[in-house]
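Trainee: Attaching a single structure in structure tokens format; questions to follow.
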């Protein structure tokens with residue numbers, strides 16, 4: 001099973017088992033067994049005292065905690081292979097392909113992805129990772145996403161979450177608003193649609209705040225996200241892609257992007273390294289920056305897709321239009337050169353008091369992020385059929401707290417009722433799908449992502465409503481929260 005072998009190899013390569021990698025250099029193996037639903041039910045009853053069919057079971061052989069051995073290896077932990085060499089059995093993994101296939105269909109991704117995820121998840125259990133305590137769970141989630149990335153089966157949110165140095169990018173230092181700081185300011189991220197602005201923002205902040213799609217004009221409003229460094233606080237403003245507007249909604253989006261540039265301390269212009277010529281809207285934006293005497297850093301994205309030599313014409317053509325403070329090739333997807341970019345931004349921001357507590361990550365509420373996570377799945381599943389004729393309105397966001405709740409985050413469940421607004425009756429049929437299968441897929445994946453956001457169970461109910469040509473109707477636009485933002 002090549003995928004399982006690849007997953008296992010990646011786990012061994014990672015520095016989450018230093019006692020083996022640096023001290024013993026022994027070979028390791030895992031017993032992998034595939035069983036039917038009745039067999040795994042019996043195993044659950046025998047070993048866990050639970051009469052239930054589950055997707056996977058793991059049986060560790062070593063006493064470990066978060067990838068490290070508790071104590072020394074015992075002679076009984078070693079075995080010998082057919083060549084007489086020492087080997088270590090990490091334990092056994094049992095997977096039920098029937099449940100694997102069912103879950104892949106339910107979550108809307110491939111069986112390949114689901115099988116690899118189950119194996120990675122169970123392997124981490126063998127290495128002593130668990131999700132009982134919040135601190136332990138965060139470590140397990142990180143390594144889970146890192147390993148899925150490394151074996152090439154990560155979702156976009158997993159790619160954005162992971163840094164290649166094995167750390168989340170946001171340092172999460174605890175400071176209060178008003179605390180003196182060496183570098184503080186607003187940074188507007190601008191560029192043409194689909195250039196990777198939201199991907200960059202999600203990578204830097206270490207959590208999913210802006211939805212990401214391969215389709216242009218995904219972001220519709222200016223989203224503020226805060227990066228806290230030890231001596232810096234950077235307030236990033238992710239703006240809609242600058243483009244030639246074809247509807248009233250598009251005009252609002254472009255005007256908000258230009259306003260963001262005028263009122264920021266630094267403009268971060270992102271260009272796509274695959275295109276050597278600046279677009280007309282980018283030229284207009286740079287002219288605006290000249291008039292307002294703005295500091296501009298040019299980040300040429302998608303450097304992982306092209307050679308360094310191929311970037312030279314792009315750098316030359318953009319530099320002919322503006323005297324940039326810095327020109328930095330980056331990859332928002334992999335994180336290449338992001339540390340260099342952050343340092344360049346920090347060096348150009350003035351001293352001042354922190355504007356937000358370090359606990360504050362964004363100006364968006366959970367309600368607003370939830371609506372965007374729903375819209376992300378609409379973009380993902382409906383492809384080109386209804387690319388940007390929809391918006392999502394959260395009609396109800398109700399929190400249910402535990403009986404012994406100690407604070408506002410001690411929730412048992414969040415109940416969400418949301419309306420998907422589309423432009424045509426034919427779009428409604430596509431969104432619902434045959435026998436309601438499409439809306440179920442959208443709802444299931446969105447619910448999973450919202451549960452990650454809220455940290456509790458989520459009940460999500462979606463309704464599809466038709467509002468003809470809503471993108472050109474001032475009344476609807478205001479009702480759905482689209483307007484030109486006032487100057488701060």
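Values in this text are rule-based calculations from the coordinates and carry no lab data. Note that the structure is a prediction, hence the values are computed from the model and not measured. Ideal geometry is used to build each Cβ from the backbone, glycine not excepted, and the neighbour counts take in all protein chains shown.
Trainee: Under a crude label model (7 Å from the Cα following the beta-carbon direction), how far is residue 98 from residue 472 in nanometres?
Mentor: 5.5
Trainee: Starting with the highest mean, order 137-148, 280-291 by the number of other Cβ atoms within 10 Å, averaged over the residues of each peptide.
Mentor: Ranking, from highest mean packing down: 137-148, 280-291.
Trainee: If each residue of separation counts as 0.36 nm, what is the full-extension length gain between residue 451 and residue 428 once their alpha-carbon separation is subtracted?
Mentor: Residue separation times 0.36 nm, minus the Cα-Cα distance, leaves 5.7 nm.
Trainee: Determine the percent antiparallel among the DSSP beta bridges restricted to the range 366-479, to the nearest 5.
Mentor: Percentage antiparallel, nearest 5: 50.
Trainee: Next up: Rounded to the nearest 0.05, what FRET efficiency is calculated for residue 177 and residue 437 with R0 set to 45 Å and r the Cβ-Cβ distance?
Mentor: 0.40
Trainee: Another question, then. Multiply the residue separation of residue 27 and residue 61 by 0.36 nm, subtract the distance between their alpha-carbon atoms, and state the gained length in nm to one decimal.
Mentor: 10.8 nm
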